[in-house]
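Read the structure below first, then the notes.
Computed from the coordinates by the stated procedures, all read-outs in this text should not be read as laboratory data. Just so it is clear, the structure is predicted and the values come from calculations on it, not from any experiment. As a convention, Cβ positions derive from the backbone with ideal geometry for all residues, glycine included, and neighbour counts pool all protein chains shown.
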Amino acid sequence: MSTGLYSVKMRASRQEGGREVHISGAEKIVEPDRLKTICDQLLERAVRHSKGEADFINIKVERVAAADVIRRDALPVTACEVATAEEGRQKLGELLERSGIPNGEEILGRMKETWGMRGAMLLDVDTLERLEPDQGRGVRATYMDVADSGDDRSQKDHFKEALVLATKVASHKNIVGEICISDDPDYVTGYFASKELGYVRITKLKEMGCPDGGRIFLFRGDEKEAEDCIRYLERQIMLVRI
Ligand code: PML
């Protein structure tokens, strides 16, 4: 029996007025016998997206050694119902405070720098310095999936994909929290996540129809730890038990 797995990544975009507009992206880690089905499903997702037609679709398949994969339980999930985006933002401020993160208002004000970035901002919570080597791109948390492969994977599941990503991100020792607002105009639920507070869903963080969204990974540590954290976020392979 083969012990290898495959990482499959899909990315779809369109050129608009000389710039690349992101349409859809997803990734999976799959057993060899599911590789073709998953590629078909991701292709299907790329060509039928509410953000319109793609003119560039990339599907990248890489073999990964089973020994390089680590497994973690998902963060515990709680939900916080709010009536307005303003109330949601206040909730984020409270969660930052409860996490011992200073400068909450300033950090929330930095969210707008993430609009349109492919990756996340990696922010030193004490100095408020951005730590990504390429600030236009940000840091991409990648090489992760749900541990159980019996799922129907043909539809995007914002919650499940975000929980997997948040679990991987929060598992690094120097990450003290994460803030996420979806960039999907039809999806207003976002979250705060950390080792201590788990994954806290906030039901409204923006107005319906608004395309602005992004992520900030909140970091505390030194320069060498920042390098290790970026390597971990971008390269470590993780399967998350949900
Ligand atoms: C995204 O669009 O990628 C972010 C999804 C956030 C999911 C929030 C949730 O439903 O818990």
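Quick notes
- Among the trypsin sites (Lys or Arg not before Pro) in segment 68-164, those placed in a DSSP loop whose Cβ has at most 13 other Cβ atoms within 10 Å are Arg137.
- With 5 Å bins from 0: P(r) over segment 59-137, alpha-carbon pairs, percent: 3, 11, 14, 15, 18, 17, 10, 8, 4, 0
- Karplus-derived 3J(HN,Hα) values for segment 172-181, using 6.51 cos²θ - 1.76 cosθ + 1.60 with θ = phi - 60°, are 6, 4, 9, 8, 9, x, 9, 10, 9, 10 Hz; glycine and proline are entered as x.
- Burial ranking of peptide ranges 202-213, 163-174 (average Cβ count within 10 Å, highest at the top): 163-174, 202-213
- Acute angle (nearest 10 degrees) that the helix 85-98 long axis makes with the longest principal axis of the chain, alpha-carbon atoms: 80 degrees
- Taken about its Cα centre, the chain carries a charge dipole of roughly 560 debye when the Cβ of each Lys and Arg holds +1 and the Cβ of each Asp and Glu holds -1.
- Karplus-derived 3J(HN,Hα), 6.51/-1.76/1.60, for each residue of segment 71-84, Hz, glycine and proline x: 10, 9, 6, 5, 4, x, 10, 10, 10, 10, 7, 10, 8, 9
- Alpha-carbon radius of gyration plus Dmax, which is the widest Cα pair, for the chain in Å: 17.6, 54
- Highest to lowest packing among 102-108, 176-182, scored as the average C-beta count within 10 Å: 176-182, 102-108
- Among the listed pairs Lys9/Lys168; Lys28/Lys206; Lys36/Lys156; Lys36/Lys60; Lys112/Lys160; Lys28/Lys91, those beyond 20 Å (Cα-Cα): Lys28/Lys206; Lys112/Lys160; Lys28/Lys91
- Distant-in-sequence amide H partners of Met144 (H built 1.01 Å from N, under 5 Å): Met238
- Net charge contributed by nearby residues that have their C-beta within less than 15 Å of Glu207 (K/R +1, D/E -1): -2
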